[in-house]
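Novice: This structure is in structure tokens; I'll ask about it shortly.
Every read-out reported here was derived from the displayed coordinates using simple, explicitly stated rules and does not represent laboratory data. Here the structure is a predicted model, which means the values were calculated and not measured. Backbone-built Cβ (ideal geometry, glycine too); neighbour counts: all protein chains shown.
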Amino acid sequence: MNGTNLTRLWPLANFRKATFRKLWLAVALAVWAGNVGLDRASAADKAETTAAAAASESRLRDTVTYLASDELEGRGVGTAGLDKAAEHLAEEFTNLGLKTDLFDGTPFQKFTLNLAAEMGPAEQNRLTLVGPKGETVLKLGTDFNPLAAGGSGAFEAPLVFAGYGIAADDLKQNGEAFKYDDYAGLDVKGKVVVVIRKEPQQKDAKSPFNGLQNTEHATFVRKIAVAADRGAAGLIIVNDGVEVATKRADDVKLLGDVLGKLAGLKESLAQAPADKQAAEASEIRKFAEQAAEIATRLAGAADQPLPFDQAGGESRTKLPVLFATRSAIDAVLKAAGLADLATVEQQIDEDLKPRSAEIPGFKAIGEANLVRKEVEVKNVIAVLEGEGPLADETIVVGAHYDHLGQGGMGSLAPWTSAIHNGADDNASGTATLVEVAHRLATSGQKPKRRIVFMAFTGEERGLLGSAHYVRNPRFALEKTIAMFNLDMVGRLKDEKLAVYGTGTAQEFEPLVDALAGKYGFTVSKHPGGFGPSDHSSFYGKKIPVLHLFTGTHPDYHRPSDDSDKLNIEGMRRITDMLVDVIQATDASEARPSYIDIKKVEGIQVADASAADRPYFGSMPAYPNPEKDGVLLEMVADGSPAAAAGIKGGDVLLQIGEKRVVTLEDFQAVLSGFKPGDKVKTKVRRGTETVEGETTLSRRPRP
């Protein structure tokens with residue numbers, strides 16, 4: 001999701017190249033128009049009749065509403081809802097007469113994914129705090145939870161308090177180097193360490209901890225790594241005061257939104273025809289239950305233990321990590337004669353001096369038990385066979401159908417355990433994929449080339465489904481001439497449509513320009529083929545790509561991304577345009593002319609904290625196959641990574657003074673720097689270790 005500024009390729013001043021592009025477009029469109037018997041240049045080219053357009057929108061609405069329904073449980077990896085979605089798509093493709101017996105007689109390309117973890121038996125996830133006057137047994141789910149970011153193991157050891165659990169020697173205060181170390185002078189080897197979540201001075205714009213934004217030191221992965229490096233026997237994390245206050249404010253706002261929605265539904269129920277009242281009543285029950293759940297949370301304590309799976313993903317630590325309530329730890333601190341957490345936070349905020357201490361007379365007895373499991377997932381693939389001498393060439397049309405399930409990692413509402421229906425992301429793209437398949441399969445015309453429709457899984461976990469396909473292609477990649485991708489196409493607003501990959505083939509930009517005008521879209525063109533969706537996997541194999549996207553919004557990766565907020569008419573016109581793109585590409589005797597652009601395109605997310613993150617200019621492998629570093633699939637030309645001498649295929653081992661082992665490490669370490677920081681790098685290239693130095697730049701705008 002990064003990028004570099006590149007000059008426009010194939011300029012119009014180059015007469016021969018420009019002429020060729022116009023000729024290709026004119027011939028392709030003319031041949032296609034002749035094939036389907038339509039005059040696309042006429043005023044009647046508003047596409048289909050009113051009846052046909054209405055039928056198309058009805059199909060789109062039905063598909064996207066089902067995919068984004070609660071029945072499908074947010075289409076999270078490992079849920080029955082994701083399997084239901086796959087079966088539904090297979091049925092849709094089969095009913096269109098497409099070829100679906102591709103993998104052992106099915107349309108399912110199956111593979112396994114590692115789920116982050118599942119909690120083991122309750123009796124093996126326990127925590128007791130023992131002091132001079134007795135013991136307090138904490139209740140699982142109420143007073144504490146183990147965290148999936150940690151490891152499995154039992155402990156019985158003295159308790160120590162290590163503030164925020166930070167050891168930072170890379171900070172700056174008033175332009176000068178500043179060091180903050182909660183572990184200074186504190187022996188934690190063989191002991192259970194208690195730390196506060198996040199970092200000091202969260203509301204101070206001048207804080208050396210990156211002002212109002214977080215540094216890498218606020219992350220779970222960094223706190224866990226620091227404690228493990230110092231030999232801790234276990235780690236207990238508690239909420240910081242700011243997080244607790246923020247959670248309550250978020251719940252108040254969410255309750256207002258839900259009550260507003262509920263009022264609107266009750267009004268519509270009174271006006272609904274009899275055949276629609278059951279559906280309206282079901283929606284009312286859904287929102288009423290959600291309102292009751294939020295109200296219950298607000299009536300109770302805002303300080304709740306973090307859910308098991310909401311502290312990050314891949315972890316290779318053996319250190320048991322638990323998350324406890326502030327009240328449980330405050331009771332221990334008070335009994336030991338120490339300041340409570342609120343006082344400690346206030347004191348550290350005032351002078352940025354650690355308040356770490358032994359907790360005399362207290363020990364922790366506990367255990368964390370994590371079961372890491374694999375789950376079978378599947379891409380859903382169907383084929384419309386071509387006819388003629390080019391029938392062995394392939395055009396891919398794709399969209400991912402997975403989403404976030406109940407939330408957790410990836411959710412932008414991390415405190416909310418609720419179904420993330422993912423109507424825009426990416427039920428909208430999947431429904432449009434099915435509609436494109438319907439249009440082409442029922443057109444009465446055989447394409448010249450094989451057209452393969454792919455519904456990918458695992459995109460939200462790192463483009464895993466498309467990465468699996470290109471490593472295990474059903475149809476030869478060297479004969480795959482183009483890939484067209486749909487991801488979040490349901491929120492068309494002010495006719496703004498983003499098209500990525502316009503520079504990946506010589507012919508794509510003029511084709512997009514012509515069709516955008518035809519359908520009334522205001523298109524923003526992004527030339528690079530690498531970016532935050534499944535088209536990247538294909539472009540990495542030197543296949544030209546186009547990716548259609550209508551933009552992020554406040555409901556992105558939140559439970560509120562529901563189907564009633566989609567622009568169905570916009571989805572229908574995007575379908576119209578993509579069908580034209582596919583048929584024009586198929587009509588040409590020549591395949592699109594691939595252009596190598598190592599730019600990584602980004603998207604703007606409604607997340608202010610992302611605005612000033614530094615840019616490194618690489619694309620890590622998903623999943624990361626390395627055990628001691630991060631494999632970089634690609635390095636962008638002119639990027640900071642390239643300036644350090646790093647190349648695609650290198651394994652990143654270190655940035656600055658920080659080791660990089662997992663993808664989470666990479667993200668956490670990078671977030672600890674600012675644009676303009678000069679950093680050292682270390683990578684493994686084959687059997688050699690290559691060191692370099694570079695200056696991080698500001699993250700480019702898309």
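Novice: Between Val375 and Asp513, 0.36 nm times their residue separation minus their Cα-Cα distance comes to what?
Specialist: 45.4 nm
Novice: Next question. Give the cross-link partners of Lys110 among the aspartates and glutamates, using a straight C-alpha distance below 15 Å as the criterion and excluding same-chain residues fewer than 8 apart.
Specialist: Candidates past the 8-residue exclusion: Asp83, Glu87, Asp101, Glu374, Glu376, Asp402, Glu459.
Novice: Calculate, for Leu298 and Ala177, the FRET efficiency according to 1/(1 + (r/R0)^6) with r their C-beta to C-beta distance and R0 30 Å; round to the nearest 0.05.
Specialist: E(calc), rounded to 0.05, equals 0.10.
Novice: Holding the Cα-Cα limit at 19 Å, pick out from Lys206/Lys680; Lys627/Lys658; Lys179/Lys363; Lys518/Lys565 the pairs that are longer than that.
Specialist: Distance filter (> 19 Å) returns Lys206/Lys680; Lys179/Lys363; Lys518/Lys565.
Novice: Could you count how many Lys pairs in segment 243-299 have their Cα atoms under 17 Å apart, skipping same-chain pairs fewer than 8 positions apart?
Specialist: 5
Novice: Mind giving me the nanometre distance, one decimal, between the label points for Glu688 and Ala51, set 7 Å out from Cα along Cα→Cβ?
Specialist: In this crude spin-label approximation the distance works out to 7.1 nm.
Novice: Run the quick spin-label model on Val242 and Lys99: label points 7 Å from Cα toward the beta carbon, then report their separation in nm to one decimal.
Specialist: Calculated label separation equals 5.8 nm.
Novice: Calculate the dipole size of the chain relative to its Cα centre from +1 charges on Lys and Arg beta carbons and -1 charges on Asp and Glu beta carbons; express the result in debye to the nearest 20.
Specialist: Here the chain has a charge dipole of around 1460 debye.
Novice: As I understand it, the value is the acute angle between the Cα axis of helix 80-95 and the longest principal axis of the Cα atoms of the chain; what does it come to in degrees, rounded to 10?
Specialist: Helix 80-95 sits roughly 0 degrees off the main axis of the chain.
Novice: On to the next question. Picking from Gly175, Gly260, Leu72, whose Cα lies most toward the positive end of the charge dipole for the chain (charges on Cβ: Lys, Arg +1; Asp, Glu -1)?
Specialist: Positive-end residue among those listed: Gly175.
Novice: Under the 0.36 nm per residue contour assumption, what length would be gained going from the current alpha-carbon distance of Asp62 and Ala590 to full extension?
Specialist: So the extension gain works out to 186.4 nm.
Novice: So, one more: What is the helix-to-structure angle for 326-335, meaning the angle in degrees between its Cα long axis and the longest Cα principal axis of the chain, kept from 0 to 90 and rounded to the nearest 10?
Specialist: 10 degrees
Novice: In which sequence would Thr112, Thr480 go, from the one with the fewest C-beta neighbours within 10 Å to the one with the most?
Specialist: The order, fewest Cβ neighbours first, is Thr112, Thr480.
Novice: So for the chain: antiparallel DSSP bridges make up what percent, rounded to the nearest 5?
Specialist: DSSP beta bridges in the chain are roughly 65 percent antiparallel.
Novice: Which of [x] 248; [y] 173; [z] 953 is the computed volume of the Cα convex hull per residue in Å³ for the structure on display?
Specialist: The calculated read-out lines up with [y].
Novice: Relative to the longest principal axis of the C-alpha atoms of the chain, give the angle of the C-alpha long axis of helix 568-587, reported between 0 and 90° and rounded to the nearest 10°.
Specialist: 60 degrees
Novice: Would you be so kind as to identify which of Gln310, Ala233, Ile655 lies farthest towards the positive end of the dipole of the chain, taking Lys and Arg as +1 and Asp and Glu as -1 on Cβ and the Cα centre as origin?
Specialist: Result: Ile655.
Novice: For a quick protection proxy, order the peptides 144-156, 455-467 by their average other-Cβ count within 10 Å, most packed first.
Specialist: Packing order, densest peptide first, comes out as 455-467, 144-156.
Novice: How many angstrom lie between the Cα centre of segment 52-81 and the Cα centre of segment 190-244?
Specialist: 40 Å
Novice: Another question, then. Got the relative contact order for the chain handy, in percent, Cα pairs under 8 Å and 6 or more residues apart?
Specialist: Computed over the chain, the figure is 18 percent.
Novice: Quick one: putting +1 on the C-beta of Lys and Arg, -1 on the C-beta of Asp and Glu, what dipole do you get for segment 77-209 around its Cα centre, in Debye to the nearest 20?
Specialist: Rounded to the nearest 20 debye, it is 480 debye.
Novice: Moving on. Between Lys542 and Lys133, take the C-beta separation as r, use R0 = 56 Å, and let me know the FRET efficiency to the nearest 0.05.
Specialist: 0.20
Novice: Shifting gears a bit: Hey, which of these cross-link pairs are over 18 Å Cα-Cα: Lys172/Lys353; Lys541/Lys647; Lys189/Lys223; Lys496/Lys525; Lys191/Lys318; Lys223/Lys682?
Specialist: In this structure, Lys223/Lys682 lie more than 18 Å apart at Cα.
Novice: Less than 15 Å Cβ to Cβ from Lys133, Lys/Arg counted +1 and Asp/Glu -1: what total charge do the surrounding residues give?
Specialist: Charge balance in the 15 Å sphere: +1.
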